[in-house]
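First comes the structure, then the notes that go with it.
The values are calculated or read from the model by the stated rules, or taken from the named source; none is laboratory data. Everything numeric here is computed off the predicted structure, so don't read it as measured data. Cβ sites come from the backbone with ideal geometry, for glycine too, and all protein chains shown count toward neighbours.
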Amino acid sequence: MLFKQQAWLRQKLLVLGSLAVGSLLYLVARVGSLDRLQPICPVEGRFGARGQADFPLRALQFKRGLLHEFRKGNASQEQVRLHELVQQLPKAIIIGVRKGGTRALLEMLNLHPAVVKASQEIHFFDNDENYAKGIEWYRKKMPLSYPQQITIEKSPAYFITEEVPERIYKMNSSIKLLIIVREPTTRAISDYTQVLEGKERKNKTYYKFEKLAIDPNTCEVNTKYKAVRTSIYTKHLERWLKYFPIEQFHVVDGDRLITEPLPELQLVEKFLNLPPRISQYNLYFNATRGFYCLRFNIIFNKCLAGSKGRIHPEVDPSVITKLRKFFHPFNQKFYQITGRTLNWP
Ligand code: A3P
C-alpha cells in the first residue's frame, strides 16, 4: 500500500516537474534571451519619438513573434486594425556604403526589440522611377510594426547618388543617417569581388582588379573606376552636408563590426536614443562561417547569406600601396569632418 502511494506521489512530482521545466523553456524562448528577463532599466527620456518611453520593451519583445507571423502570412486588414499595426516611414536609414557591412548592420540592429527592419533594399530615393511613385508608395513598402517601434531601411546606393540627400531631406529633415565604412582599399576590392562573381555566374570574363584600379596610361589611380570613387567617402559626405548637419550622421566602423560587433552596435543604440538591449548573448562567432552570427533566442539564430563574406582575389601589393596612398588625404578629411578616427593604413 505504502509502496503504491510512493509511486503515485513520484509520478505526480514528475508530471509537475516536467510542466515547470516546459513552462520555463517556453518563457525563455518567447522572451528572447536570458538578459532580457532581467528587469527593464528606466528608459525615461531615452527615446526620442512620441510615446516610446512609456511602452515597455518587454511587451514589444513578446509581440515580435506575432509581428513576424503577421509579416510572413500577410496579415488581414482586420488583424492589422485589431493589433494597431502600422507601416511607418523610417526614422533612421543606413545610407551606405556598399560592401561596408550594410546588411550585417541592419540585421544586427533588428535584434533590438524596438527596431523593425525593411528586409529589402527599397531604392526609393536613388531610383527616379520609384521616387516618382511618391512617398505613400515608399511607406507601403515598409514592414508592419507597432507605433512604439522604429523602422530602419538600408539602400547603400543612397550614399553615392547625387539627388538622394535633398530627397531624404524633403521627407524628414531630422532623420538619423547611418554610414558604415571599411578601409577604402579593402572596400573597393570587396566591391570588385561582387561584380566579378556576377560576371563569372554568367560565364563572362572580367578584367583583373589591378587593370581597373590603375590607369594604364598614367599609372595613376583610376578615379573613373566606380569602386575607387565610392571609397572616397569624404567627397560623398560633403554633398550630404549641404542638407544635414554632421550631428545627424553616425559612422559605423565596418571592419570592427566584423571582428567585434557589440561595441559598434552599442554606439548605434546610443545614437538612436534606444535603451541598450543588444547583448553578447545575441552575437556568437561561427567558426565555419568565419563571422559573427545572430541569436534571437534559444531557438532562433541565423548567419548572413554566403554572399556576405566572399574570399577576395589576391591583389598586387604595389597596387594596394598605391591605392592606400591615394585614399590617405581623403581619409584624413573624413576623420576630421566626422570626428571618428579609424586609423586606416
Ligand atoms: P566581404 O564579402 O568583402 O567580406 P554589404 O552588406 O554592405 O554588402 O557588406 C558585405 C560585407 O559585410 C562583407 O564583405 C563582410 O565582410 C561584411 N560583414 C560584416 N559582418 C558580417 C557578418 N556578421 N557576416 C557576414 N558578413 C559580414
What are the residues in segment 291-318 that are within 7 Å of the ligand (Cβ to nearest atom) and in contact with a helix residue (DSSP H, G or I) (Cβ under 8 Å, 6 or more places away or on another chain), if any? 291, 292, 304, 308, 310, 312
Can you confirm whether segment 130-147 contains a residue that is within 12 Å of the ligand (Cβ to nearest atom), within 25 Å of residue 243 (Cα to Cα), at pLDDT 95 or above and of a type in the set (Phe, Trp, Tyr)? no
In segment 80-102, residues that are within 13 Å of the ligand (Cβ to nearest atom) and either outside any loop (DSSP other than H, G, I, E, B) or closer than 19 Å to residue 302 by Cβ (or both) total 5
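Results for (1) within 16 Å of residue 241 (Cα to Cα); (2) surrounded by 14 or more Cβ atoms within 10 Å (Cβ to Cβ), shown as yes or no for each residue.
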residue: 161; (1), (2): yes, yes
residue: 164; (1), (2): yes, yes
residue: 183; (1), (2): no, yes
residue: 188; (1), (2): no, yes
residue: 192; (1), (2): no, yes
residue: 196; (1), (2): no, yes
residue: 201; (1), (2): no, no
residue: 213; (1), (2): no, yes
Among the residues of segment 243-273, the number that are farther than 20 Å from residue 159 by Cβ, more than 16 Å from the ligand (Cβ to nearest atom) and either of a type in the set (A, V, I, L, M, F, W, C) or assigned to a helix (DSSP H, G or I) (or both) is 2
Would a scan of segment 237-250 turn up a residue that is of a type outside the set (A, V, I, L, M, F, W, C), touching a Leu at 6+ places or on another chain (Cβ under 7 Å) and in contact (Cβ under 8 Å) with a residue 24 or more places away in the chain? yes
Conditions: (1) outside any helix (DSSP H, G or I); (2) touching a Gly at 6+ places or on another chain (Cβ under 8 Å); (3) within 14 Å of the ligand (Cβ to nearest atom). Residue 178 meets all but one. Number of the miss? (2)
Confirm whether residue 105 is surrounded by 19 or more Cβ atoms within 10 Å (Cβ to Cβ) and within 15 Å of the ligand (Cβ to nearest atom). yes
Yes or no: residue 308 closer than 19 Å to residue 114 by Cα and not in a strand (DSSP E or B)? no
